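Single-structure report; data block below.
The values are calculated or read from the model by the stated rules, or taken from the named source; none is laboratory data. Values in this document were obtained by computation on a predicted structure and should not be read as measured data. As a convention, Cβ positions derive from the backbone with ideal geometry for all residues, glycine included, and neighbour counts pool all protein chains shown.
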Amino acid sequence: MMFKRVLIANRGEIACRIIWACQELGIETVTVFSEADRDALHVQLADQAICIGPPPASQSYLNVPAVISAAEISDVDAIHPGYGFLAENAHFAEICEACNIKFIGPSPEVIRLMGDKARARAVMKAAGVPVLPGSDGIVETDEEARAVVRRIGLPVMIKATAGGGGRGMRIVHTEAELPGALEAARSEAQAAFGEGGVYIEKYIEEPRHIEVQILADERGHVVHLGERECSIQRRHQKLLEESPSVVVTPEMRDELGAIAVRAARQIGYTNAGTMEFLFDGEQFYFMEMNTRIQVEHPVTEMVVNADLVRAQILIAAGEPIEFDQPDVVLAGHAIECRINAEDPETFAPSPGTITALTIPGGPGVRVDTALYPGYTIPPYYDSLVAKVIVHARRRDIAIARMRRVLEGFAIQGIKTTIPLHLGILQHPDFVAGRLSTHFMEHYAHRRSDVEPAASQPSSVRSVSSEA
Amino acid sequence: MMFKRVLIANRGEIACRIIWACQELGIETVTVFSEADRDALHVQLADQAICIGPPPASQSYLNVPAVISAAEISDVDAIHPGYGFLAENAHFAEICEACNIKFIGPSPEVIRLMGDKARARAVMKAAGVPVLPGSDGIVETDEEARAVVRRIGLPVMIKATAGGGGRGMRIVHTEAELPGALEAARSEAQAAFGEGGVYIEKYIEEPRHIEVQILADERGHVVHLGERECSIQRRHQKLLEESPSVVVTPEMRDELGAIAVRAARQIGYTNAGTMEFLFDGEQFYFMEMNTRIQVEHPVTEMVVNADLVRAQILIAAGEPIEFDQPDVVLAGHAIECRINAEDPETFAPSPGTITALTIPGGPGVRVDTALYPGYTIPPYYDSLVAKVIVHARRRDIAIARMRRVLEGFAIQGIKTTIPLHLGILQHPDFVAGRLSTHFMEHYAHRRSDVEPAASQPSSVRSVSSEA
Amino acid sequence: MDLKEIKQLIRLVDEKKFAEFELEQGDFRLRIKRNEAPIIQRAGEPLTVEPEPLPTSDNDAEHSSSTAVASAAAPTVDEDVVETDLHVVTSPIVGTFYRAPSPTADPFVQEGDWVEPGTILCIVEAMKIMNEIPSDVAGQVVEIHVENAQPVEYGQPLFSIRVGRP
Amino acid sequence: MDLKEIKQLIRLVDEKKFAEFELEQGDFRLRIKRNEAPIIQRAGEPLTVEPEPLPTSDNDAEHSSSTAVASAAAPTVDEDVVETDLHVVTSPIVGTFYRAPSPTADPFVQEGDWVEPGTILCIVEAMKIMNEIPSDVAGQVVEIHVENAQPVEYGQPLFSIRVGRP
C-alpha cells in the first residue's frame, strides 16, 4: 500500500532529491531541520517542516528521539534516511519498526550485519563472494596476526571492524611493523567508534574502487544495475564517480552482478544497496556493503535510465521493482563530480553566502543541489553543495561535457572544488582511464613536483573560487 | 576538417545551446548581439561577442550584412543560425557560401525549395511521401479551385505558398465560401509575405501534429530519430512536445522514418531537418519540412540519447554521423514545455527583470535557459525564456516529473506560462493521450464554460506568476 | 550642463532623499542611486541576504504555515506581551504539548498564575515519554501560546512569563 | 571636465553617501559605486539581486575585452578628451576600419585636423563594400580611437571631435 506521507530525515541535496521523488509519486513530504537550516531548500520544498533541534547534528539530525517524535506528530507512514546521519543506524531502523513507521532501507538485522565489517566479510565469503585473503574475523593477538600475515603474504591492511572513513586503518609492509600497527589501529578504532576490534586483509597496491548497485524488493526479486567506478578519492572521500567502469567488460559485469544478486538474496537484503569491491586488475574483492542510497547513485540512474530513490520508496511500500534484469542496459557513459564548498588547494571548508549561481543546461546535464542565490551555507554540516552529473554516448564526450559544464557553472560567494575537478578531468591518466584509489596522491605529488607554490595547472580555470 | 571558430547568429537559449555544443567539441565561439542584449547570457558564454546593431531584430539579428561582416572580422569557419532569424533564409545561406563561410544547415537550394510550400509539397509527393489530397501547386482561378474541391471533397484548407504561422490560411466548409476565402487568403498572404500565391489541401478536422527528425551527412548517410508529437499548440505556436507519440507504433515509426529518409536522399538534403505530418488517425500527410534545428529538438535527444546540435556541427564539417540507424532506439518518454514570459491568462508578453530563479534537479530533468538572476528580459524578441524537458521510463512518470519540476521552478519578476502548462499536464485528455491540434481551443472553451471570469483551474497553481 | 549645475542637482537629490535619480538629455546622462536599506551585516559574519523564504511553489502557502509554527509565533504576540521583562519558555524537544498530567486532570498552570523556578508548566510527550517542562524563572504566566494536545517543534514558544513576584 | 572638477564630484558623491553615481556627457563617462551594501531593498518590492553581469567563467576575462571594445573605450579616455563639447563619431556598421582610401594613400584625417559636416573621416569595410563615414559636425579631430585595419563593432567610438570652428 503506497505511503500517504513520508518524513525525510536528512538535509541538503539528498533531502531535496527525496522530496522530488515523493512529489512524483504523489506522496506528501515532511522534513526535519535544525535551527541552522531554517532557510534551507529542503525546508521550503517539503509540504511540512519541523524544527528538531539546535545546529549540531548530534542534537538534531542525529537525534533519534527528536526525529521519531517529529515523525509521530506529523503522522507519517515512512522515513527516508538519505545517506549519512541515521541512514546506517540499525538502532534507529529498529525504533522505526517498533513505532510502526516504515524505515526506507533494509531490515535492522541486515544493517547491523553489514555494519560489522569483519562479520560482513565472513558472511559474504560464505555466500560465494570473493573477498581479500585475510583473517577470519577479528584478530585478538599478535601471534594470530603473524600467522595470518604468513599465510596471505605482505603487505597487509589492518582494518577496524566498526570502521569507516579511513580511521582505524594501517598498512603493514614488514612483519616487524605488525605489533605496533595493530596497537595503533585498535586504539584509533576504540577512540573513533568505541570499539577496538580489528581484522587483517591483503593490501593491494593500486586497486580500483568498483561497486555494484543492487535493488531488492520485498517479494524476493533482486536486480543489479551495473557498476560504478569511484577510484578518484581523497582521504577515502570520493570526488568523482563514473559508470560504467572502463575496465569492466559486459562479461565481467554479468558475473559480478550475478554474484551481488546471489549474495543479496542469501542475506535477505531488501531495498537499494551497494557492494563495494577492490579490483587489482584481475580479480574483484568484496570490501563492504553500504545499506543505503549513495551519493553517487545518479551516474547509475543516467546510464540505466532508472530512478533509484523512487525505487527505494516503492520497494519499501511493498511494490515490485518496476523492471527486470534484462531491461537493465547500460547506455552511454555518466560522470559525477561532487562539488564541495572547500578551498580547492587547501581543502579548508568555505561556508558563506551564495551571491550568484548559474547552472548550465543542455543535453545530458544534471545538477542536484540545495543551493539557491542568497542562501547561506551553514558551517555545521558536510561541505557537499552540488552534484554535477553528465551523460553522453561515449566517455570522451562525457568528459568534454563535464568540462564545459564546470567551466560555465558559476557559484559565487564561496570557494568550491570545481578547479580541482577541472584539473582531474584533463589529467592524461584520467582521460586514458588509468585509475587507482591512489590517483589523487599521485596527482598532488606530480603537481607539487612540476608546479611549486600554490599555482594551479594552467588550464584549471578558477571558475567559481573568486568571491 | 573540424572548425576552429564558429559564429552563432542567434540569441537566447538556442545561442547558449550552440555555444555549449561548440565548447564540447573544442571549437571557439563568436556570438553577435544587439544593443539590447549586452547583458545576455550568450554574450557572456562566448569567447568573443560582437555588437551588430540596435535592438530591433531587423537591424541586428536579421541584418545579413552585419552578421556576415561580424563573421568576416572574427574570421570564423562557419555560422550556426539556430532557429528563427536567418535560419531558413536561403539568401543568407548563399552569401555564407559566397564568402567561404560554412552555413550549418542544408544547401541554399534545399532551403529555398522547402520554403516554397506548394513546390515542397509537389516534390515530396513525387518522392513518394504521402501528401494531403489537394491542388497541384498554386491555384489561380475560382474555377480551378472549385474543380479541386469537387475532386477532394469538403472541408478544405486554403494555404499561402509562402506561408507560416497561420497567416494566409482559410478553412472552407461550403463551396459558396470558396471565392471569398480565396480572395481573403491571397490578400493576407500578399500583405504578410509579399507573395499572394495560395494552394488548396483537404482539411482534417482533428489532426495530430507528428514530425520526424532526420540527420543527413554530406557523405550520403541519412538516419531518422523517430517522431515528436507537437499537437499542443496555440495559434500554430507549439506549447508542449513529446517523444514518442502515443499513437505511433514501432511499425509506423519504421515506415514513416523510411519515407522521410528516402525523401531526404532524393532532394539531396544535408544536416538536421524535420518533416512535419498531419495524422488523421489512420494516415500521415506531409505538411512541410523545416530545414533547421527545432525548438523541440531536446525531446528527441532525451529518448535517443543523442546531441543534435553536435551532430549538425560535425555534419557541416564533413564528418559522418556518429551512429547508424540500428543504434537509434527510442527509450522511455520525454516531454518539453516551452516556458514563455507571458501572462498565462491573456498571453500578453511579460518582459522584466528576473529577481529569483530556482531550477530543480533530479533524474531526467533538463532545463535550457538563458535566464539568470538579475537578468532583464528585453521587450524586442520572442517570449520563450526556458525550455523544461523531462525524461522517464514511462509517459505517466514523465508527466508526474514535469508537474513536480514546474511546481518547483521559481521564476520571479515576470509572469510565465507555467500555470498554463500545469493545467495542460493534468487535463484528462492530455493524460490519456487524446490529442489534436485543436486541444488548446477545446481547453480554453471548456474553461470558459465551466469557470467564468479569470479564475484558473483549481489545481493550476500560480507558481511563478507572482512578481 | 556644467559642474556647478551638476553639483546643484546632486545636492537636491540628496536633500529630497530619493532612492534613485536618472537624467538623460541628449548626450548627457546622470544617474544617482542611494542605498536606503542596506542589508544588515553583523561584524564577523558573512553578508546575509534577507532570509525571505524561497518561493518555489504554492506549497509555500501550505508549508509556511507549518514551518512558521515557531518563527511566526513570536512576531504575532499581543500588544500586552510586548514587554521588556517578559520571559518566553520554549519547547526543548519535538513532541505533543499537554497542559495537564492526564486528560481529566486540571491544567498545570492557567494564565494569570504565579510560578516559581521549577514549577511544572506542561508536558511535552515524545516517543511515549511524558517530559515535564518546568519554569526556569519566577513570575506570572501572561500567555499560553499553544493549544492543548497540539504538536510543537524544537524551540517553539510555549509560555510567556512576566518575570517578578506577586 | 578636468581632474579638479572630477575630484570635486567624487567628494560630493562621497559626502552625500550615494550608493551609485553615473554621469555621461558625450564621450565623458563617470561611474562611482560604493561597495558597502550591494543589495538594495525597496519598500514593497521583492528582493532584487544586483543586475551585475553574470560571471560565468574565466572566459569573462577574454570576452570582456571584446565586448568591452565599445563600452571600455570611454572610461579610458585621456585627460584632454574629457571635455564637455566633445562629439563622438561611432561606427554605424560592423566591419574593418580604414583610415585611408587605399593602403598607399594618405589618411582621410589626422588628429588636429578641422572637419566640416560631410567630411569623410574613414572607411568601414563590410562585405567587401567600402562604406565612407562622414563627420556629422564641424570641429577639430582630437582623438582617433581605433587603429588602422582593425575590426570595429556596431556603435564603437571611432573619432572624438571638439565641436567648433577654427
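One table, with the values for the structure above:
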| quantity | calculated |
| --- | --- |
| Among the residues listed as A:Val64, A:Val110, the single one being modelled with pLDDT of 95 or more, surrounded by fewer than 21 Cβ atoms within 10 Å (Cβ to Cβ) and either assigned by TED's automatic domain parsing to the domain that holds A:Pro155 or not acidic (Asp, Glu) (or both) | A:Val64 |
| Among the candidates C:Pro46, C:Pro38, C:Pro117, residue that is within 14 Å of chain D (Cβ to nearest Cβ) and either modelled with pLDDT of 95 or more or under 29 Å from A:Thr31 (Cα atoms) (or both) | C:Pro46 |
| Wholly within the stretch B:1-54, strands (runs of 3 or more DSSP E) carrying at least 1 residues that are of a type in the set (Lys, Arg) and surrounded by fewer than 24 Cβ atoms within 10 Å (Cβ to Cβ) | B:5-8 |
| Matching residues, the stretch B:22-52, being more than 8 Å from every other protein chain (Cβ to nearest Cβ) and over 19 Å from D:Pro157 (Cα atoms) | B:Cys22, B:Ile27, B:Glu28, B:Thr29, B:Val30, B:Thr31, B:Ala40, B:His42 |
| Test: residue in the stretch A:100-111 that is part of a loop (DSSP other than H, G, I, E, B) and within 14 Å of another protein chain (Cβ to nearest Cβ) | yes |
| Flag if A:Ala258 is among the hydrophobic types (A, V, I, L, M, F, W, C), in contact with a Ser or Thr (Cβ under 6 Å, 6 or more places away or on another chain) and away from chain B (no Cβ under 14 Å) | no |
| Single unsatisfied condition, B:Phe430 versus (1) at pLDDT 95 or above; (2) surrounded by fewer than 16 Cβ atoms within 10 Å (Cβ to Cβ) | (2) |
| Any hit, the stretch B:68-89, residues being in contact (Cβ under 8 Å) with a residue 24 or more places away in the chain, at the interface with another protein chain (Cβ under 9 Å from one of its Cβ atoms), over 19 Å from B:Ile267 (Cα atoms) and of a type in the set (A, V, I, L, M, F, W, C) | yes |
| Some residue of the stretch A:260-279 being in contact with a Cys (Cβ under 9 Å, 6 or more places away or on another chain) and surrounded by fewer than 20 Cβ atoms within 10 Å (Cβ to Cβ) | yes |
| Residue within the stretch A:132-139 that is within 17 Å of A:Met289 (Cβ to Cβ), surrounded by fewer than 22 Cβ atoms within 10 Å (Cβ to Cβ) and not aromatic (Phe, Trp, Tyr) present | yes |
| Count - residues of the stretch A:44-63 that are under 23 Å from the mean Cα position of the chain (by Cα) and within 14 Å of A:Asn10 (Cβ to Cβ) | 5 |
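Results for (1) of a type outside the set (D, E, K, R); (2) under 30 Å from A:Val329 (Cα atoms); (3) more than 16 Å from the chain's Cα centre (by Cα), shown as yes or no for each residue.
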site: B:Ala191; (1), (2), (3): yes, no, yes
site: B:Ile214; (1), (2), (3): yes, yes, no
site: B:Glu255; (1), (2), (3): no, yes, yes
site: B:Arg265; (1), (2), (3): no, no, yes
site: B:Thr274; (1), (2), (3): yes, yes, no
site: B:Thr291; (1), (2), (3): yes, no, no
site: B:Val295; (1), (2), (3): yes, yes, no
site: B:Thr300; (1), (2), (3): yes, yes, no
site: B:Val309; (1), (2), (3): yes, yes, no
